[in-house]
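Visitor: Pasting a structure here, questions to come.
The values are calculated or read from the model by the stated rules, or taken from the named source; none is laboratory data. As the structure is a prediction and not an experimental result, all values here were calculated from the model. Using ideal geometry, Cβ is built from the backbone for each residue, glycine included, and neighbour counts are taken over all protein chains shown. Surface accessibility is based on the protein's heavy atoms, side chains included, excluding ligands, DNA and RNA. Shrake-Rupley method; radii C 1.70, N 1.55, O 1.52, S 1.80 Å.
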Amino acid sequence: MRKLCLKKNEERRIKAGHLWVFSNEVDTQKSPLTDFTPGDAATVCDWRGVPLGSACVSPRSLICARLHSRKGNVELDEPLLYQRLETALRLRQRLFCDPWYRLCHGEGDFLPGLVIDSYGEHLTLQIGTAGMESRKELIIACLDSLLSPSSLYFDNDLAVRELEGLPRAPISRGSLPESLLVPENGCDFSVPVTGGQKTGWFYDQRYNRWEFAHYAQNADVLDIFSYVGGFGVCAAAAGASSVTFLDASSHALDLACNNAARNAPALADAGAITSLCGDAFEILQRLYDEGSRFSLISLDPPAFIKRRKDFVPGLAAYRKINQLAIRLLTPGGILASSSCSYHLSAEALRGCLAQSAAHSRQHARLIFSGGQGPDHPVHASMPETAYLKCFIAQIS
Ligand code: SAH
């Protein structure tokens, strides 16, 4: 197996357990990246030539290699893929009775670049690296023998695929329905799984939604950035008096309202399910001006900080949206504030909440702090794999 040699002192992070090699850490005199075919496995060595592990190489990317083994000379072949996928599957089977979960969470399951979501007998895959792309057929063979899925859908619409020089058109095998009914927290969610718009279900918020629902009894709920209603529907089913969904996508809002009606028909009959379509920043300001108030709010924005260089404007956006949400709470109201930006630490999100409350001359009492569900395992040596946080606070 070809060697990928690191410069002196660039081995520390890998030795501490991290799985990524950055292109500026490679000794390109000894091992020019241009010598590698995208996806090839290589033995990663320190500057003395001591093997640190085996990795698949993405010669054109900033993250130019991702380790799949801590030993040298190990191919990412079908037996290894099978072993890793089987371990991932067994963990989920211990956690959940039914196959509705994230089956593989990339680095967190020691399979860098591979994300698989299980929807009953259907699987959707996101492949983000040349290494996994060139092993696609092997992955399919492993999944066939582990699970015999009735369909596979490769959701290739990922920005990272462009960096890796991979095509972005979706591919499917077998027939995946346009939408599926996802069971979660005692509710059923109709979720789009194929099609042009945002698809899929965010399994990562499962336990935070469950926690949120504890505060729903007789509450007037606002679900900001609702998508198909993950938080608001749980609250509707748990005894909320009214639920308002807010999102920029009218398609997502239609599904959210239908999901709420299916899971809380009495609320639908009472006309207590509404939706607001548009930009959250503008709508929250308008609601405040109109005097609308809510006793339970979920705030689950898309990542405002996608890259480190977006940190300053992203942090400002988190502050602003938390302020706008807090102002809409009735006295003693509850806010669940989430962030899926890895670059915004839990401490920073807590700071946003604290400042936003102070800005409205109120106190925030933290009553719950959560993260991504256990089907999104965190690689202990890779803080990058812990991205989701959710604080629930009472504001008074
Ligand atoms: N809370 C959801 C997930 C939210 S995903 C759940 O539990 O499943 C983020 C959502 O924010 C998407 O549905 C997207 O359409 C919406 N969105 C993105 N930018 C927006 C904006 N400026 N205003 C309103 N909605 C926005």
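Visitor: Looking at 266, 303, 256, which is the one that is open to solvent by less than 50 Å² (accessible area, probe 1.4 Å), part of a helix (DSSP H, G or I) and either more than 9 Å from the ligand (Cβ to nearest atom) or at pLDDT 95 or above (or both)?
Guide: 256
Visitor: Please find, within region 220-243, the residue that is farthest from the ligand (Cβ to nearest atom) out of those that are surrounded by 24 or more Cβ atoms within 10 Å (Cβ to Cβ) and over 18 Å from residue 302 (Cα atoms).
Guide: 240
Visitor: Turning to a different aspect of this structure: Pairs under 6 Å by beta carbon, first residue in the same structural domain as residue 254 (by TED's automatic domain parsing) in region 184-198, partner of a type in the set (Gly, Ala, Ser) and crowded, with 20+ Cβ neighbours inside 10 Å, six or more apart or different chains?
Guide: Within 6 Å, the pairs are 187/237.
Visitor: Under 6 Å between Cβ atoms, at least 6 apart or on separate chains: pull out the pairs that start in region 76-93 with a residue that is in the same structural domain as residue 123 (by TED's automatic domain parsing) and end on any residue that is in a loop (DSSP other than H, G, I, E, B) and open to solvent by 60 Å² or more (accessible area, probe 1.4 Å).
Guide: Every condition considered, the pairs that remain are 84/110.
Visitor: Restricted to region 189-218, and to residues that are within 30 Å of residue 295 (Cβ to Cβ) and open to solvent by 60 Å² or more (accessible area, probe 1.4 Å), which residue is farthest from the chain's Cα centre (by Cα)?
Guide: So the residue we want is 218.
Visitor: Additional query: Which of the residues that make up region 348-393 are open to solvent by less than 20 Å² (accessible area, probe 1.4 Å) and over 20 Å from the mean Cα position of the chain (by Cα)?
Guide: 352, 353, 356, 357, 393
Visitor: Regarding region 141-149, can at least one residue be identified that is outside the structural domain of residue 21 (by TED's automatic domain parsing), at negative phi, out of contact with any helix residue (DSSP H, G or I) (no Cβ under 8 Å at 6 or more places or on another chain) and not hydroxyl-bearing (Ser, Thr, Tyr)?
Guide: yes
Visitor: Can I ask one more? Cβ contacts < 6 Å: first residue within 22 Å of residue 384 (Cα to Cα), restricted to region 296-308; second residue part of a loop (DSSP other than H, G, I, E, B) and more than 13 Å from the ligand (Cβ to nearest atom), any location; separation 6+ or different chain. Result?
Guide: Listed pairs, sorted by first residue: 305/343; 305/344; 308/343.
Visitor: Name the residue, out of 123, 138, 114, 158, that is surrounded by fewer than 21 Cβ atoms within 10 Å (Cβ to Cβ), within 19 Å of residue 203 (Cα to Cα) and of a type in the set (A, V, I, L, M).
Guide: Just one listed residue meets the conditions, 158.
Visitor: List every residue pair whose Cβ atoms sit under 8 Å apart, with the two residues 6 or more apart in sequence or on different chains, where the first one lies in region 58-74 and is open to solvent by 40 Å² or more (accessible area, probe 1.4 Å) and the second, anywhere, is outside any loop (DSSP other than H, G, I, E, B) and at pLDDT below 95.
Guide: Here the result reads 60/163; 62/163, each pair linking region 58-74 to a residue that is outside any loop (DSSP other than H, G, I, E, B) and at pLDDT below 95.
Visitor: Ok, one more. If you scan region 272-290, which residues turn out to be away from the ligand (no atom under 14 Å from the Cβ) and open to solvent by 50 Å² or more (accessible area, probe 1.4 Å)?
Guide: 274, 288, 289, 290 - these are the residues of region 272-290 that are away from the ligand (no atom under 14 Å from the Cβ) and open to solvent by 50 Å² or more (accessible area, probe 1.4 Å).
Visitor: Residues to consider are 324, 315; find the one that is more than 30 Å from residue 240 (Cβ to Cβ) and either open to solvent by 50 Å² or more (accessible area, probe 1.4 Å) or part of a helix (DSSP H, G or I) (or both).
Guide: Being more than 30 Å from residue 240 (Cβ to Cβ) and either open to solvent by 50 Å² or more (accessible area, probe 1.4 Å) or part of a helix (DSSP H, G or I) (or both) holds for just one of 324, 315, which is 315.
Visitor: Residues of region 27-61 being outside any loop (DSSP other than H, G, I, E, B), among the polar types (S, T, N, Q) and under 28 Å from the mean Cα position of the chain (by Cα), which ones?
Guide: 54
Visitor: Oh, and also: Can you pull out every residue in region 345-396 that is among the charged types (D, E, K, R) and touching a Cys at 6+ places or on another chain (Cβ under 7 Å)?
Guide: The answer is none; no residue qualifies.
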